[in-house]
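Below is one structure, written out as structure tokens; the observations come after it.
We did not get these values from a lab; they are worked out from the coordinates using the rules stated. Note that the structure is a prediction, hence the values are computed from the model and not measured. Reconstructed Cβ throughout: ideal geometry from the backbone, glycine too, with neighbour counts over all protein chains shown.
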Amino acid sequence: MSGAQPKRQHLIDPEICIRCNTCEESCPIDAVTHNDDNYVVDADKCEYCLHCISPCPTGAIDNWRLVSQPYSLEEQMEWEELPPERQIEEAKTEPASEASETEAARILEVAHAGQGGSVVPPGSAAKPYINVFTRAEPAIARVMGNRRITDAGTESDVRHIVLDFGSTAFPFLEGQSIGIVPPGTDDKGRAHAIRLYSVASPRDGERTNHNNLALSVKRVVYTENGEEVRGLASNYLCDLERGAEVKVTGPFGNTFLMPDHPEANLIMICTGTGAAPFRAMTERRRRHFSNASGKLMLLFGARTPGELPYFGPLTKLPERLIDRQLVFSRVPGQDKEYVQDRMRKHADVLAEYLKDENTFVFICGLKGMEQGVDEAFAEICQNNELDWPELSTQMKAAGRYHVETY
Amino acid sequence: MNEIVEQVNYDELIPNNVELADDRRLKRALEQWQPKFKEWWLDMGPEGFQAAQVYLRTAVGVDPKGWAKFGYVKMPDYRWGILLAPKVEGREIPFGAHKGEPAWQEVPGEYRAMLRRLIVIQGDTEPASVEQQRHLGATAPSLYDLRNLFQVNVEEGRHLWAMVYLLQKYFGRDGREEAEMLLQRRSGNADKPRILGAFNEETPDWLSFFMFTFFTDRDGKMQLESLAQSGFDPLSRSCRFMLTEEAHHMFVGETGVGRTIQRTCEAMVEAGISDPNDVEAIRALGVIDLPTIQRKVNFHFSVTLDLFGAEVSTNAANAFNAGLKARYQEIKLEDDHRLLDDTYPVLHCVDGQFVEQQEPALNALNGRLCDDYIKDCQGGIKRWNKMIAKTGVDFQIASPHKAFNRRVGVFIDAHVSPEGEILSQQEWAARESEWLASVEDGEFIHSLMQPSSGIGEYASWIAPPRVGIDGKPGDFEYVQLA
């Protein structure tokens, strides 16, 4: 073996493809070709523009394999079915990038470090689109709403910002992020770095079947050396007026995704704006799978109710949809409580969930919470005859434990 | 006089890339036509499901990002649009007497009548198939299949729009009248039937629907492919975009028949039945036996061949010569694209023998398109056979001989078995029921057509799909019943 870098190869499932020629027509660089039996993608030519994906009537087009040596056209033309995913296993130590723009990929790499590097997505997650829009060719969204979702009197200014994509298709899934390109340049004349924000809406839009999505953005303001520092991108977003145009890249992320099967239990642990992806997942369940047998449990920490984003709407969700644990650390007259404390209080429930192979754990929020949550899980396991190091490794390998922290 | 004029945002209502908002004449014509279309849809569209929320794909643009927007919509609110493939600058007429001349952006006067006829015939099949299929919703084998039926229906509706656009934009008053007529003819109506015979038969059951989408819609695909090469650029561009949607119809047919076969084979294996001809035992399992499926193939294949018209035809020659309708994938063929001196072999049945005769290639264009079609069908049939082989059942589906059961063209008077054996009329009459589905076969299939409308439920006779639509699982609520 040459020791070549693993490559993400685009393949067409010959058992599902009906040879309609649509992909070949839609490929702008003639990377798709065929013989009498199969339609195939030339790994040397394909540039992952994804123009062939949505026109495919069958879904056969949306197959990917991580390979050290790409399958040749001749091999693919002989296939009666896709080869097993064996090669992915071999290459797992070199995971596929979650975003092909290095800038975004680097941010996600850091965010996912808490799970010990990249993991696989839940088996039943829908296939995500990534990098449909880039810094060079961003999507232009229009601000349709921008309102504060924390109490006016509190320090924490978190905003619910709705972006509409007009006639531009911007496909995303719950758990994915989008990139925001702040306008202007820095003092050296370079374009500002892209910032990633988790989408807070389910895939069919903030408003069902509208081509829009919402972000939860916290205005970053802090004091350094006696001077007030204002985060560039967050202040740009939080100050946007309705109707303003925003350059958007992405979507990004192909592992921190919602399992789509209705039996899946989702344990969602978050602080602050880390709630965004969970709002999306919960809303998807509520809209389309409200009778799902899988359960939702949300452990959401904030300093006070007034600083907890979406506090009002959250309290209105029916109990049969979600087990809602809102945890506060700075309520006057009450003991400080963090999410890990609440986890311990519900140790029995969580232990039962951990024993269930349909349980998926998602952690999103400040880096500081990771360790506490991990310790709480370890303690719960210990008291329930479960081996946390082994279980967590298994869960990660099966795409059932996901961390996204910043 | 006070007239209340309702302001309608047509660009919003009718996704289009033909600058509809700026074309007052076209807008006026469509304003007249659109309410009649809606009325037709409510009258003749899918019966009983007009209020259901259906997870449909809507095309709002022709670029890869705009042409497949998925979401729940009530069918009468579907946004039927006018979308043409992007204009290719400097495109030339690729065949016929005008080969090499710039493609026409306006109707060439000398071919006006011929072109209008081609567009009307194509346009007439689109609403016809919606009418033929309007009762199927009541017996859908799953929400997934129900959604696929409706997707086919709304897209046939959009194809009607595509043809109506051409008629209204380029054919003046005549075109507007033809556009009206497209909404007035009715499939199967003795007084005002649809133009082509096959489009006047009701689609009686779901297996027939799948066969129809596999075999008959494939004729549509071949016709569209030929028109997509047309020297009349707006027609070419319309058909090119329609082909992307037609692919979904092929998909519904190929996988629908495939899933039926799959379920039959699985049920046979589960019950330990190895003889595919043990019809009674197999039917008792609530699945459709393979010999019956073969008979359905024989029927739909042969009646679809009739749609290609007479193998030897001066009409086809004229349309080719005029640069209006090409051969299948004309630009991929390597010859002079004029065919003045070429010949093409056409099979005839003379004195009880098959004889191949060389015909002038121009006259044999229908025969050639028919041969291309037969070849195109084989890919799907091959997949079905692989599926059968995988389950270990010993049976092969085959397309019948092209002279089998023909009502149009050179074999009209011949009696030929599916294997290509020439028979006397008596022999044919004695064995016809072996080859074509009988009334009893139809009744049995009909007896299985019980609706299955729970989320993720599939009727006994059909396997769930391998993958869902738009990356959704098989148990997604594809249709929210009202």
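Couplings 3J(HN,Hα) of region B:413-418, computed from phi: 9, 8, 10, 9, 6, x Hz, in residue order, whole Hz [Karplus 6.51 cos²θ - 1.76 cosθ + 1.60, θ = phi - 60°; x for Gly and Pro]. Checking the cross-link pairs A:Lys247/B:Lys87; B:Lys74/B:Lys472; A:Lys336/A:Lys367; B:Lys325/B:Lys375; B:Lys332/B:Lys375; B:Lys36/B:Lys74 against a 23 Å limit on the alpha carbon distance flags A:Lys247/B:Lys87 as lying beyond it. First select every other residue whose beta carbon is under 11 angstrom from the beta carbon of B:Glu202; then total the charges, Lys and Arg +1, Asp and Glu -1. Computed value for this residue: -2.
The calculated Kirkwood hydrodynamic radius for region A:139-252 is 14.8 Å, given to one decimal from all distinct C-alpha pairs.
Reported to the nearest whole Å, the Cα centre-to-centre distance from region B:246-298 to region A:209-287 is 49.
Between B:Trp428 and B:Asp191, the contour length at 0.36 nm per residue exceeds the Cα-Cα span by 82.0 nm. A cut-off of 5 Å between modelled amide H atoms, ignoring neighbours fewer than 5 places along the same chain, links A:Ile149 with A:Val158, A:Arg159, A:His160. The value obtained for the protein assembly as shown, namely the Cα convex hull volume divided by the number of residues, is 217 Å³ per residue. Partner shielding of B:465-475 amounts to 5, given as the average count of beta-carbon atoms from other chains within 10 Å of each residue beta-carbon. If only the Cβ of Lys and Arg carry +1 and only the Cβ of Asp and Glu carry -1, the dipole of the protein assembly as shown around its Cα centre is close to 2780 debye. Among A:His112, A:His51, A:His160, the largest mean-square fluctuation in a Gaussian network model of chain A (Cα springs under 10 Å) belongs to A:His51.
Whole-Hz Karplus values for region A:44-56 come out as 6, 9, 4, 10, 6, 6, 6, 5, 7, 5, 6, x, 5 Hz, taken residue by residue from phi with 6.51 cos²θ - 1.76 cosθ + 1.60 and θ = phi - 60°; glycine and proline positions read x. For A:Lys355, the lysines whose Cα comes closer than 22 Å to its Cα, not counting residues fewer than 8 places off in the same chain, are A:Lys295, A:Lys345, A:Lys396. Rounded to the nearest 500, the helix-only mean residue ellipticity at 222 nm of chain B stands at -15000 deg cm²/dmol, with each DSSP H run of n ≥ 4 adding -39,500 (n - 2.57).
Taking amide H positions as modeled 1.01 Å from N, with prolines and chain starts lacking one, the residues under 5 Å from A:Ser68 and 5 or more places away or on another chain are A:Lys7. When only the Cβ of Lys, Arg, Asp and Glu is charged (+1, +1, -1, -1), the dipole of chain A relative to its Cα centre reaches about 1900 debye. For the protein assembly as shown, the share of DSSP beta bridges that are antiparallel, to the nearest 5, is 70%. Kirkwood-type hydrodynamic radius, region A:7-94: 13.1 Å, calculated from all non-identical alpha-carbon pairs.
The residue list B:Trp161, B:Tyr111, B:Ile195 was ranked by how far each Cα lies along the charge dipole of the protein assembly as shown toward its positive end, using unit charges on Cβ atoms, and B:Trp161 comes out on top. Stokes-Einstein diffusion of region B:365-465 at 37 °C, 0.692 mPa s viscosity, Kirkwood radius from Cα pairs, rounded to a whole number: 195 µm²/s.
For chain A, the mean residue ellipticity at 222 nm estimated from helices alone is -6500 deg cm²/dmol, where every DSSP H run of n ≥ 4 contributes -39500 (n - 2.57) and the total is divided by all residues, rounded to the nearest 500. Between the amide H of B:Phe70 and those of B:Thr58, distances stay under 5 Å, these residues lying 5 or more places away or on another chain, with hydrogens modeled in the peptide plane.
Applying a length cut-off of 27 Å (Cα extent along the axis) and a mean Kyte-Doolittle floor of -1.0 to the DSSP H helices of chain B leaves B:112-132, B:143-170, B:233-271, B:365-391. When the alpha carbon coordinates of chain A are projected onto the principal axes, the ranges are 75, 56, 42 Å, largest first.
A dipole drawn for the protein assembly as shown from +1 and -1 charges on Cβ atoms has a positive end, and of A:Ser26, B:Thr343, B:Ser447 the residue lying farthest that way is A:Ser26. When only the Cβ of Lys, Arg, Asp and Glu is charged (+1, +1, -1, -1), the dipole of chain B relative to its Cα centre reaches about 1120 debye. Stretching A:Asn225 away from A:Gln69 to a fully extended chain increases their span by 50.8 nm, per 0.36 nm per residue minus the current alpha-carbon distance.
Along the axis of the charge dipole computed for chain A (Cβ charges of +1 for Lys and Arg, -1 for Asp and Glu, origin at the Cα centre), the listed residues A:Gly114, A:Leu317, A:Gln340 are led at the positive end by A:Leu317. Just checking the listed ones, A:Val162, A:Val248, A:Val67: in the Gaussian network model of chain A with Cα springs under 10 Å, the one fluctuating most is A:Val67. Once the gyration tensor of the Cα atoms in chain B is diagonalised, the equivalent ellipsoid follows with semi-axes of 36, 31, 19 Å, ordered largest first. How many percent of DSSP beta bridges within chain A run antiparallel, rounded to 5? Around 65 percent antiparallel, to the nearest 5.
Considering only A:Tyr197, A:Tyr39, A:Tyr129, the Gaussian network model of chain A with Cα springs below 10 Å gives its largest mean-square fluctuation to A:Tyr39. With a Förster radius of 30 Å applied to the C-beta separation of A:Asp323 and A:Met144, the computed FRET efficiency comes to 0.40.
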